[in-house]
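Remarks on the structure that follows.
Only the coordinates and a few stated rules stand behind these numbers; no lab work does. Not measured: the values here are computed from a predicted model. All Cβ positions, glycine included, derive from the backbone under ideal geometry; neighbour counts span all protein chains shown.
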Amino acid sequence: MRNQNKPIAVEGYPFIGLFGFVTLVCAMIGWSFLTLIMLALTLFAVYFFRNPERVVPEGRDLVVAPADGKVIFVGDVNEPRYFKERVTKVSIFMNVFNVHVNRAPCSGKVIEMYYQKGEFLNASLDKAAKCNEQGGILLETAQGSRILFVQIAGLVARRIVTYPVIGDTLERGMRYGLIRFGSRVDIYFPQGSEVEIRLGEKTVAGETILGKLPCY
């Protein structure tokens, strides 16, 4: 699957190449000010699409953060698409300075996926979960638990990238997608889960433990 062992996400190559080429052209022409601007954009593109390695914690039922960012919501909500009951949702907001490569929160098989066109409201708003462009994955673990995680586009983010297809098997901490440039990921835990993360805490994708799935 894409981007598993690359220091820079491949989605960033066109931006880095374009900005770098324009920087070179401006430097050759002698446009010092534009050269500095384009160099700054090139370096920012490299920074934005960085794809660092992470140390994934072990434990059969653990759920880790799928995104770097800040927890902006933890609570019980109605999830009408798959669970059709009240479940616990955790929302992680990513600003433009966070790593934007997303990682699988737990190991399991992709059994359902959806994509919804929509608006590009500020991803920190509650209504962004309903109105914004988004793509979701329903994962089933080997123990039979199901967990839903949803990439949500934001005010600046205009591109959701999701690598797996239905039937694929993901490992906890595996890169599974990316959103550019500033966005959010919602995680829906099934009933009986233990959610440990708290509102306002910072998360590191693939490393920060959000909670545990039910033990069967």
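With respect to the cross-link table entries K6/K212; K6/K202; K84/K109; K6/K89; K6/K70; K70/K212, which display a Cα-Cα separation exceeding 22 Å? K6/K212; K6/K202; K6/K89; K6/K70, as the Cα separations exceed 22 Å there. Calculated mean residue ellipticity at 222 nm for the chain: -5500 deg cm²/dmol, from DSSP H runs with n ≥ 4 weighted as -39500 (n - 2.57), summed, divided by the residue count and rounded to 500.
If you add up the charges near A142, with Lys and Arg at +1 and Asp and Glu at -1, over every other residue whose beta carbon is less than 13 angstrom from its beta carbon, what do you get?
Values: positive: R60, K109, R146, R172; negative: D61, E140, E171.
Summing Lys and Arg as +1 and Asp and Glu as -1 gives +1.
Give the average over all directions of the projected area of the C-alpha convex hull of the chain, one decimal, in nm². Please report the intermediate quantities before stating the final value.
Numbers: hull surface 48.2 nm².
Over every viewing direction, the Cα hull of the chain projects on average to 12.1 nm².
To the nearest ten degrees, helix 13-29 and the longest principal axis of the Cα atoms of the chain are 20 degrees apart. Charge tally for P214 (other residues, Cβ to Cβ under 9 Å; Lys, Arg +1; Asp, Glu -1): -1.
Counting only alpha carbon atoms, the long axis of helix 32-48 and the longest principal axis of the chain meet at about 20°. Once the gyration tensor of the Cα atoms in the stretch 3-116 is diagonalised, the equivalent ellipsoid follows with semi-axes of 39, 16, 13 Å, ordered largest first. Near Y82, once Lys and Arg are set to +1 and Asp and Glu to -1 for all other residues with Cβ below 11 Å from its Cβ, the sum equals -1.
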